[in-house]
Amino acid sequence: MVRYLLSIILVIFVSCNQAPNWKGAWKINLELQEQKLPFIIELFEIGGGFAGKLHNSTEELELISQNSVDDKKLRFEIGAHYAVLELEFVNEGELKGFWVRTNKEDYKVPLTGKKTSESNELYSEFAQIDSDINVEGRWEVEFREGKKGLGLFKQQGSRITGSILTNTGDYRFLVGKVEGDQLYLQGFDGVFSFIFKLKVRDESLSGTMFSGKSYNTTLKAIRNEGFKLANAYEMTKLTDKKFATYLGESLTGNRVDLALGEFKDKPKVIQLFGSWCPNCVDETHFFNDWIASNPELAPKISFIALAFENFESKAQAVKAVKKSKKKLSMNYPVILIDYNRKIKPEDILPIDKGRAFPTTLFLDKNNKIIKVHTGFSGPATGPFFEKFKESFQKTIVDLVSN
C-alpha cells in the first residue's frame, strides 16, 4: 500500500514539474468587444528558447521571444510592431494570456488558445463548401463617417480573401467566409485587429466593423466594378512655402542637408513614416526589396525617412524609432521630426496637408518636389500594389535620367 501511494505521489510530482510542451500550432482567440477573432501561431524551439510565426491570411509575422518569468509563461514581440503576445501555459494543449499594445497605455486584450492540427490558413475548409452567394469582385464601400473604400474580394467555395482600400491606405490582409446570408471577414497584423460582420442582400452588403478594444462603426457597400478611389498622386497639393534643405539630425547623429554631402545633386525619396503604422512597414519592405533588386539605380537615389510619433517623451520616441529602424533594416537616414503629435508634416514641408502615413515625396537633384504619393496600397491589394511598383520604377528612372 505504501509503495502504491509513493508511486502515485511520484507521478503527480513528475507531472507537476514537467516542462510545458509549447511546440506546435496553436489556435488563438482574441476576445474583442464580445467578438472572437481567431488566428494561428506556430511555436518552435531555437537556441534554448522559443520563436514563432503568426499567420494572418497569407502573410507571416515573426514572433520574437522575450525573457520569460518561468517556463509556463512566454512573451513574444510581434514583427516590427509595438505589440506583444503574453502567453501562459494552463495545461497540456491549452493557454491563456493577453495581446498588448506596448505603445498605448493600459491596452490589453484577453486571449485563449488551444493546440490545433488545423491548416495555417484560416477557413480553408470553407474552400470546399459551395455557396449560393458570390461576393467576388469590386465593391464601393461607405463607412458611417462618410469615408469611402474599395473592397476587393476573391472567393473559393465559401472562403473569402481580399482587402479594403481607402484613399490613405488599406486594411491589409483579410480572410473569412460566407455562410447563409452572412459575410464574415477578419484581419490581425499585431497592431490592428478587424472583424467585419456583414449581411449580403442582392448586390449589397451592410453591417458592422469592430476594431481593437472599443472602436466599431457601421458600413454599407454595393457591387460596383467601375468604382475608383482618388488618385494618390493628386491628393496632396504643393504650396509656395519655402523648403528648407536642412531636415535635422538622423538617429545616428548625422546632419541631413539635401544640398550637401552625400545628398547633393541626387534625386531623393522622402518617406513620412511612423513606427506605429503597418502601411509604413509595408512600404519600407518595398523600399528594401527595390534597393536590393536595382543595384545600378539604387546608389543614384537618396532615401530619407521623417518619423512622426506619439509618445510622452522624446526619449521614448527615439527608442521606438531606433527599434523600427533596426527591425526593418532601414539602411537610410531616419530623422525624428515629432514625438508627441505637435508638429505636422505641413509645418516643415511645402504641402497643403499631411493626409496619410506613409506619404512619399519624390525630389529631383535640385531638391524640387516632382511628385507626392499619398498613402500606400500594400501587398494585400494585389493589382494596386503592382501598379504602384510600376509607377515607382518609372518615376525613379525619370528622376535619374533628367
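Miscellaneous remarks
- Odd one out for Y171 among (1) surrounded by fewer than 20 Cβ atoms within 10 Å (Cβ to Cβ); (2) farther than 17 Å from G226 by Cα; (3) in contact (Cβ under 8 Å) with a residue 40 or more places away in the chain; (4) not acidic (D, E): (1)
- Under the condition of being at pLDDT below 95 and either surrounded by 15 or more Cβ atoms within 10 Å (Cβ to Cβ) or within 25 Å of the chain's Cα centre (by Cα) (or both), the residues counted in segment 91-104 number 4.
- Counted residues, segment 74-99 - those being touching a residue at least 12 places away in the same chain (Cβ under 8 Å) and in a strand (DSSP E or B): 18
- Segment 341-389, residues that are small (G, A, S) and buried (at least 17 other Cβ atoms within 10 Å of the Cβ): G354, A356, G375, S377, G378, A380
- Whichever residue in segment 121-141 is under 22 Å from the mean Cα position of the chain (by Cα) and surrounded by 16 or more Cβ atoms within 10 Å (Cβ to Cβ) and, among such residues, is farthest from C277 (Cα to Cα): Y123
- Restricting segment 30-73 to residues that are without any contact (Cβ under 8 Å) to a residue 60 or more places away in the chain and aromatic (F, W, Y), the residue that is surrounded by the most Cβ atoms within 10 Å (Cβ to Cβ): F50
Every residue, every condition in (1) assigned to a strand (DSSP E or B); (2) under 22 Å from the mean Cα position of the chain (by Cα), yes or no:
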{"residue": "K154", "(1), (2)": "yes, yes"}
{"residue": "V191", "(1), (2)": "no, yes"}
{"residue": "L229", "(1), (2)": "no, yes"}
{"residue": "A232", "(1), (2)": "no, yes"}
{"residue": "M235", "(1), (2)": "no, no"}
{"residue": "A259", "(1), (2)": "no, no"}
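- Scope segment 244-257; condition more than 23 Å from K371 (Cβ to Cβ) and assigned to a loop (DSSP other than H, G, I, E, B); matching residues: S250, L251, T252, G253, N254
- Qualifying residue in segment 350-363 (condition: touching a residue at least 40 places away in the same chain (Cβ under 8 Å) and either more than 26 Å from W276 (Cα to Cα) or of a type in the set (D, E) (or both)): yes
- Segment 206-226, subset among the basic types (K, R) and part of a strand (DSSP E or B), residue farthest from the chain's Cα centre (by Cα): R223
- Residue within segment 212-221 that is of a type in the set (S, T, Y), under 30 Å from K365 (Cα atoms) and surrounded by fewer than 14 Cβ atoms within 10 Å (Cβ to Cβ) present: no
- R341 meets all of the listed conditions (1) on the phi > 0 side of the Ramachandran plot; (2) at pLDDT 95 or above but one, namely (2).
- K241 vs. criteria assigned by the TED database to the domain that holds I343, farther than 26 Å from G146 by Cβ and not hydroxyl-bearing (S, T, Y): no
- If you go through segment 45-73 and pick out every residue that is part of a strand (DSSP E or B) and within 29 Å of G274 (Cβ to Cβ), you end up with 14.
- Residue match in segment 146-153 (condition: modelled with pLDDT under 95 and among the aliphatic types (A, V, I, L, M)): no
The values are calculated or read from the model by the stated rules, or taken from the named source; none is laboratory data. The shown structure was predicted, so the numbers you read here are calculated from the model rather than taken from an experiment. Every residue, glycine among them, receives a Cβ derived from its backbone with ideal geometry; neighbour counts consider all protein chains shown.
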